[in-house]
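Okay, so here's the structure we're looking at.
Please treat every number below as a calculation from the coordinates, not as lab data. These figures come from a predicted structure and were not determined experimentally. Backbone-built Cβ (ideal geometry, glycine too); neighbour counts: all protein chains shown.
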Amino acid sequence: MRKWHIKKLTKEGKILFISLIIFILVIIVIFNSCEKEETKVIENDIVNTSEIDTDVINTIFADGMNTKDYKNILNYIPTKLISGVNYNKINYEFEKTLHYNDIEALINEMNKSDIVNVYIIGKSHDNRNIYDVEIGKGDKILMLDANMHAAESANAPILTKFLIDILNDYENNDNEVVELLNKVKIVAIPCINPDGYEIYNFGVDYLNNKKLWIYQDKDNVFFDHFKYNANGVDLNRNFPTQNAGLYYNEYKLISSVSLSKTTQRHTYFGGNTLGSEPEVRAVMYQILSHYKDTYAYVNIHSQGRVIYSGKPNLSDEYNNLTIELCNRMSTFNKYKVHGLDREEIGEGNDGTASDFMAELVNGFIFSSKTGRLSSNSYKNNNSSLKYHAPAVVLETMNDNYKDPSKYKDEYYNHGLKEMFYDLVRYVNERE
Ligand SMILES: [Zn+2]
């Protein structure tokens, strides 16, 4: 039988044959990459098991996050800002209270540096951009974020100032900083709650969408100490963590937790459904896309010079690592370090950003059954440190300061600047 051979084909035939082969190869490559993406999401990031000891739960008062919404965060593609050219030294010394668009202008200035990448990772309820500012070339990440709570508005300027300072040092060829930023990458959200920041500093009329809850209920809101977003949700109770939106039989629901939107002082509402708020989804995206390479996470608040360490539902290994970092931070700013005895679980008070990071670092996985991170057990989990990052809550000066000279004093004279620089050293030192 005569052998079929490509040489026997006409020229057109050969072109057609080769095109067909290339087409098939392209289809195979596309099919494989799609399949990998799907496998990655389902097998590694989502489980369909649940906690076995559900009898410890008294009441679940917030629904878990929908699995489809969680997948959307895992597959989210942020918008990279086009970077400028020719970095010029940025001068910012807390001269005035910054509008959010002043902070955005500073972020755009930073983006002119070669070692800076800026991404829009989400939008607030009032359609303000939420930014991820990344500085450095290293593989090991220091993750920082600030101003989740509206009236804690010292921290967006303070964190922005630190980013500017270390960038100026790098661009000025400071030997230590150049070496550090070749090995470490700082990944930062300068302001998680831009609507709250703007309203707190400049008034509720700065809201664009007057249909939002905070405008509709403005006559009842205590703006001096308000914490939530423009939709009336405390973002730091809206993360889908193991114990978010529920409380145990052995406790009563903590009195400061409200089960609906509230203007009462000293009470907060974490949402009817976990992960419902766009600002929370932006932070979840940030954490989920970087936690495996993160060596320290500091979530910055303002409740009076304290550092919180430790999570009672997590491993000793994790808690020891965290308290070590907190003590190290405290040597610079002399803030008081609170240990495990000041953290509770199962009182209705969980669902914070630091809970979310800490549980992921301990190997918890999102459960499609509970709509929360899960470790199979509430009480007897055998979690252990799977990744690297201690998750720390830093509380700088008290909230309700609108005076930027006070922020400046805290940054320079209460050890904050040195503490931030040392966090970069800490990440560099970690194995
Ligand atoms: Zn706070």
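Between the DSSP loop rule and a limit of at most 13 other Cβ atoms within 10 Å, which GluC sites (Glu not before Pro) in the stretch 81-155 are left?
Loop-located and lightly packed - Glu93, Glu95.
Which distance in Å, rounded to a whole number, links the C-alpha centroids of the stretch 114-135 and the stretch 315-330?
Comparing the Cα centres of the stretch 114-135 and the stretch 315-330, I get a distance of 29 Å.
Under a plain spin-label model, where a point goes 7 Å from the Cα along Cα-to-Cβ, how far apart in nm are Ser83 and Ser256?
Modelled inter-label distance: 4.1 nm.
Percent antiparallel among DSSP beta bridges with both residues in the chain, to the nearest 5?
Rounded to the nearest five, the antiparallel share is 50 percent.
Add +1 for every Lys or Arg and -1 for every Asp or Glu among the other residues with Cβ under 14 Å from the Cβ of Asn238, and state the total.
Net charge around Asn238: -2.
Would you mind calculating the relative contact order of the chain from Cα pairs under 8 angstrom and at least 6 residues apart, reporting the percent as a whole number?
22
Along each of its three principal axes, how wide is the spread of alpha-carbon positions in the chain, in whole angstrom units, largest first?
90, 59, 48
Let's test the formula: R0 of 60 Å, r as the Cβ-Cβ distance of Ile120 and Glu12. What FRET efficiency results, to the nearest 0.05?
Step by step, r from the Cβ atoms, then E = 0.75.
What order do you get for 312-320, 69-77 when each peptide is scored by the mean count of other beta carbon atoms within 10 Å, highest first?
Ranking the peptides 312-320, 69-77 by packing returns 312-320, 69-77.
Can you order the peptides 296-307, 388-399 by their average number of other Cβ atoms within 10 Å per residue, highest first?
Those peptides, ordered most packed to least, come out 388-399, 296-307.
With a cut-off of at most 13 other beta carbons within 10 Å, and DSSP calling the residue loop, which chymotrypsin sites (Phe, Trp or Tyr not before Pro) in the stretch 211-240 qualify? Please list them.
Phe222
Using C-alpha positions alone, give me the convex hull volume of the stretch 378-431 per residue in cubic angstrom.
125
Would you tally the net charge around Asn398, using a Cβ to Cβ cut-off of less than 14 Å, leaving Asn398 out, and scoring K and R as +1, D and E as -1?
Value of the local net charge: -2.
Rounded to the nearest 10 degrees, what's the angle between the helix 100-110 long axis and the longest principal axis of the chain, both from Cα atoms, 0 to 90?
Its long axis makes an angle of about 50 degrees.
Give the angle, between 0 and 90 degrees and rounded to the nearest 10, that separates the Cα long axis of helix 11-39 from the longest principal axis of the Cα atoms of the chain.
The angle comes out at about 30 degrees.
Quick one: which of 285-294, 412-421 comes out on top by average Cβ neighbours within 10 Å, and what's the full order, highest first?
Ranking, from highest mean packing down: 285-294, 412-421.
In nm, what is the difference between 0.36 nm times the number of residues separating Phe23 and Glu431 and their Cα-Cα distance?
142.3 nm
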